[in-house]
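Accompanying notes for the structure given below.
Quick note: the coordinates plus some simple rules give every number you see, no bench work behind them. All values derive from a computational prediction rather than experimental measurement. Here the Cβ positions follow ideal geometry from the backbone for every residue, glycine too, while neighbour counts run over all protein chains shown.
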Amino acid sequence: MSAEKSQRIFEALAAEAGLEPVFSAPWEARAFAMALGLSEAGLFTWDEFRARLIAEVGNADRVREHDGSANPGEYYEHFLRALERLLPEKGIASEAELALKLREIESATTA
């Protein structure tokens, strides 16, 4: 499922329920669509991803307790970090491959 299709579906469901939009930025919808697509393809279970996400949120909570920082919009940042950590753990992509892809994306957006 494409990120755009995922975002339209979630926005429609949220509107029907009288809720605010699920994603505040397109990259959040893309991150969700990637995680969902990889899980549906059988590369990891949703429970595996969820456990990694819970760990990421827990790490951030410990940092917040220590330094008092807070960023209310950071949920999908945790979501993305969870995905970035799960991909090498499952042998889907190495950390080096992820870093290279990130550099490619950053170069393309600054060009």
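Can you give the local net charge around PHE44? Use residues other than it whose beta-carbon is closer than 11 angstrom to its beta-carbon, Lys and Arg +1, Asp and Glu -1. Present the calculation step by step, with values, prior to reporting the outcome.
Values: positive: ARG50, ARG52, LYS90; negative: GLU40, ASP47, GLU48, GLU89.
Value of the local net charge: -1.
Can you list the HN-Hα couplings for the range 29-34, worked out from phi with the Karplus curve (6.51, -1.76, 1.60; θ = phi - 60°), rounded to whole Hz and with x for Gly and Pro?
Coupling constants for the range 29-34: 5, 5, 4, 4, 5, 5 Hz.
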